[in-house]
Amino acid sequence: MREEPRIAREKLRACLQEQYDLTPATIDFLPLGQDTNAGVYRVLSEQGTPYLLKIKSGSFYAPSCLVPRYLFDRGIASVVAPVPTRTKALWTQTGEWTVITYLYLEGDSGWTGMTDEQWKDVGEIFKQIHEVALPASGFDDLRRESFDPSAYVRSVDRTEAHLAHSGGGECASERALRSSWIKHRSTIHALLTSLNKLAGVLREQTIPHVVCHADLHPGNLLRHRAGLVFVIDWDDVMIAPKERDFIFVGEPADGSVEQGGSPFFLGYGQTEIDWIALTYYRYERVVQDLIEYAQEVMFREDLSEETKAEAVRGFDESLEGRNFDAARAAARHIPSELTIH
């Protein structure tokens, strides 16, 4: 989130006082994250306790609060969970905004540099998460993997229709997006074809499903100043094959860092990788990113031209950068007829 949400600070202050018995001394906006429907703030209480305040507009996914709280209460202290309200709820509402509060942890994003030892710690954390059994009653609305890429096909068709029929008066960012889309069109459709092929195979298989964070990248890891690592932002949590959490953690290789293996798997331990599932998830991430960036440019009138230009750069990166390279690396482990190059 690069632009501050359009909500008065006094409204946030009143919500914190009423719902959390928290009287803010300061509320400072933090221009962090990629979700343009959300914003985060550092709140300092009058007692000197720092909190992280997160607000989101649009539909709210309750398991994003319920599951991390459940994991934390099961003893996985590295999972950052919401602070309950006065009525023990894990979120509240003010106007169109869902409000969630966390204790503020001093530290840096994983993007600023993770040591091998910290990646090993992350592997150990996710081994614990993947072994947790959910309560028999489960959680209402918790998504479960279905390997159905049809929504991505519809989104791509919608994007192409918009780009084909928009007039000549569009902004510079949309013109740049059209040019880039034309350049990459064959790759985009090859990705969709590959997704459909892989999904067909995976739907026929019986694969163990576990609790997955589903967006495990360095930006959702917090390197605490004490050297600990915490897992944040559970907005995409779901039940899925464990490979859903292996998109960004590197390759297992032979389990040796010296031989090119990821230190994550030294912490996670010996495990068999379903390369068809991992290839699907890495292709899916590329498709998700390019669709999200394109829609920010075309359909978000509330975003500035500067933010939209940044989205165009993100669109190009999604089809030319490390995520795309990682998808191709995974694809080398599966039969060539399952992918279109």
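The values are calculated or read from the model by the stated rules, or taken from the named source; none is laboratory data. A quick note: this is a predicted structure, and the numbers were derived from the prediction, not measured. Neighbour counts run over all protein chains shown; Cβ positions are idealised from the backbone, glycine included. Accessible surface areas use protein heavy atoms only, side chains included; no ligands, DNA or RNA. Shrake-Rupley method; radii C 1.70, N 1.55, O 1.52, S 1.80 Å.
Leaving out same-chain residues fewer than 8 places away, which lysines sit with a Cα under 22 Å from that of K183?
Within reach: K308.
Rounded, prolate or oblate for the chain? Axes are the square roots of the Cα gyration tensor eigenvalues, ordered a ≥ b ≥ c, and the cut-off for rounded is a/c under 1.5.
Oblate, because a/c is 1.5 or more while a/b does not exceed b/c.
Please report, in debye to the nearest 20, how large the charge dipole of the chain is about its Cα centre when each Lys and Arg carries +1 at its beta carbon and each Asp and Glu carries -1 there.
In total the dipole reaches around 360 debye.
Compute and list, largest first, the equivalent-ellipsoid semi-axes of region 1-155 from the alpha carbon gyration tensor, each √(5λ) rounded to a whole angstrom.
Equivalent ellipsoid of region 1-155: 27, 21, 19 Å, largest first.
Using alpha carbons only, how many angstrom separate the centre of region 81-115 from the centre of region 118-179?
If you average the Cα positions of each part, the centres end up 22 Å apart.
Answer rounded, prolate or oblate for region 138-290, using the Cα gyration tensor with square roots of eigenvalues a ≥ b ≥ c: rounded when a/c is under 1.5, else prolate when a/b is larger than b/c, else oblate.
prolate
Would you calculate the separation in nanometres between label points at L103 and N37, each defined as 7 Å from the Cα along the Cα-to-beta-carbon direction?
Between L103 and N37, the simple spin-label model gives 3.0 nm.
Compute the orientation-averaged projected area for region 28-82 from the convex hull of its Cα atoms and round it to one decimal in nm².
It is 4.9 nm².
Multiplying the sequence separation of E306 and T193 by 0.36 nm and subtracting their Cα-Cα distance, what value in nm do you get?
That works out to 37.4 nm of additional length.
With n ≥ 4 as the cut-off for DSSP H runs, can you work out [θ] at 222 nm for the chain, using -39500 (n - 2.57) per run divided by the number of residues, rounded to the nearest 500?
After summing the helix terms and dividing by residue count, I get -14000 deg cm²/dmol.
Hey, got the dipole for region 197-306? About the Cα centre, +1 on K and R Cβ, -1 on D and E Cβ, debye to the nearest 20?
440 debye
With each pseudo-label sitting 7 Å past Cα toward Cβ, what's the E204-H333 distance in nm, one decimal?
Output for this residue pair reads 2.1 nm.
Quick one: pull the percent of accessible area on the chain belonging to carbon and sulfur, 1.4 Å probe, ligands and nucleic acids left out.
It is 49 percent, rounded to a whole number.
Can you tell me which of T87, T101, T159 moves the most in a GNM of the chain? Springs connect C-alpha atoms under 10 Å apart.
Of T87, T101, T159, the Gaussian network model singles out T87 as fluctuating most.
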